[in-house]
1. Would you mind finding the one in 26, 12, 32, 42 that is surrounded by fewer than 22 Cβ atoms within 10 Å (Cβ to Cβ), at pLDDT 95 or above, within 27 Å of residue 327 (Cβ to Cβ) and not hydrophobic (A, V, I, L, M, F, W, C)?
2. Inside segment 246-280, can you point out the residues that are touching a helix residue (DSSP H, G or I) at 6+ places or on another chain (Cβ under 7 Å) and more than 25 Å from residue 183 (Cα to Cα)?
3. Give the number of residues within segment 270-290 that are assigned to a helix (DSSP H, G or I) and either within 22 Å of residue 121 (Cβ to Cβ) or free of Cβ contacts under 8 Å to residues at least 40 places away in the same chain (or both).
4. Of the numbered conditions (1) over 21 Å from residue 347 (Cα atoms); (2) more than 23 Å from the chain's Cα centre (by Cα); (3) small (Gly, Ala, Ser), residue 28 satisfies every one except a single condition; which is it?
5. With the condition kept exactly as written, say whether any residue in segment 252-268 is of a type in the set (Asp, Glu), under 20 Å from residue 196 (Cβ atoms) and either at pLDDT 95 or above or touching a strand residue (DSSP E or B) at 6+ places or on another chain (Cβ under 7 Å) (or both).
6. Please find, within segment 84-106, the residue that is surrounded by the fewest Cβ atoms within 10 Å (Cβ to Cβ) out of those that are over 20 Å from residue 51 (Cβ atoms) and in contact with an Asp or Glu (Cβ under 9 Å, 6 or more places away or on another chain).
7. Go through segment 81-136 and give me each residue that's free of Cβ contacts under 8 Å to residues at least 24 places away in the same chain, over 19 Å from residue 366 (Cα atoms) and not charged (D, E, K, R).
Amino acid sequence: MVSSTFAIELLKNSLEIYSPSRSETKFAIFLKDVCLDLGFEKANIDSVGNIVAMKGTGDPIILLCGHMDTVPGIVPVRLDGDYMYGRGASDAKAPLMAMLLGAADFPKQNGTIIFAGVVDEEGNATGIKNLVKDKSLNPHYAIFGEPSGIDNITISYKGRLEIRILCDVNSGAHASAPWISLNAIEEIYSIWANLKKVLDSYDINKSKNKADLVSYSVTEISGGSSHNVTPQKCRMTIDIRIPAHLSCDDILNLIDININKIRKDKDAIVIKYQVEDKTEPFQANASSTLVRSLVLSILDNRKKRPLLLKKTGTGDMNILGNVLKIPVVTYGPGDPHSSHTVDEKIYIHEYLMGIEIYKNTLFHMIRLHKTLQNR
């Protein structure tokens, strides 16, 4: 059994390895050595830098996956009372190390445990996209480690579209005579105002749960060439988040129809758009073996029923669930509001409790999986 002293020291060692996105190599090598020391039969670093370790044999195959990278910025590592401070303490080295130790403490019996630490979650999801290409893994269930809070299970994330729109009015004019030419910034604002009305049309039931709504935001805009010339071109980036009852194509089709309408009405200007990112929404079945097992484990350890959360963000869970077509949830110790902050921290008691919850979840999953198989 892993001691609390060892678990705390291992977390501290992991935080002392600075691993911002695309600079995770040192941490991956550290984790590979730890996995082998803790009894995993295999541990390898793949072509993009993910660490993948395995123990046990047979079904079910359970994937415990977290990310090694952090956002940039040094937070001095220190233990202060009941809290450990450091970059990644919450997001997401505490969940990652709790997963690893929970799996290491799990006896080798019928069932296969895969531990994966992926790269670039805070960036372009390079790690998880490569991991799901590995057909040899073939898990039945997966948990992605993020700071959900010890009493919360995230069962749903919205999908995401990143769309870039270009408006070109073909010419500019001196700012003292703006009537000579159309203004690309004003025109793209008009286009966006139209699209906002269209996106709002999905909220016909006026849902109070923002996880069930289409949300949108302008995140980048650039236009113009000089302070005294009306802009000929303007570019705008739009971030759209899509609830689980819709798909990215539902939104894209709507946008395409309406931009084509706008093009006909504004035939004197050029309007183009392209999709920069497309991630489908995902929601786990609340009655699945995975969710039931995690709920039972939290009940065992916390003596209270956890909340099942639907979140408005988008995460690696979306890719795992949609590509592998398996039940996936996001869970882990830590306060998500501490993530990315200048004093990022983890409550040590919650970190240690997370180890036990992950371990007990594995017991419940194997038991329930075999019960269903034997029916």
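1. The match here is 42.
2. Within segment 246-280, 254, 278, 279, 280 meet the criteria.
3. Final tally of qualifying residues: 1.
4. All conditions are met except number (2).
5. Among the residues of segment 252-268, at least one is of a type in the set (Asp, Glu), under 20 Å from residue 196 (Cβ atoms) and either at pLDDT 95 or above or touching a strand residue (DSSP E or B) at 6+ places or on another chain (Cβ under 7 Å) (or both), which makes the answer yes.
6. 85
7. 81, 124, 136
A quick yes/no check of all residues on (1) in contact with a Leu (Cβ under 9 Å, 6 or more places away or on another chain); (2) of a type outside the set (Val, Ile, Thr); (3) farther than 29 Å from residue 333 by Cα:
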site	(1), (2), (3)
219	no, no, yes
227	no, yes, yes
266	yes, yes, yes
284	yes, yes, no
300	no, yes, no
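The values are calculated or read from the model by the stated rules, or taken from the named source; none is laboratory data. Only a predicted model underlies this, so the values are computations on that prediction, with no experimental measurement involved. Every residue, glycine as well, gets a Cβ built from its backbone with ideal geometry; the counts of neighbours run over all protein chains shown.
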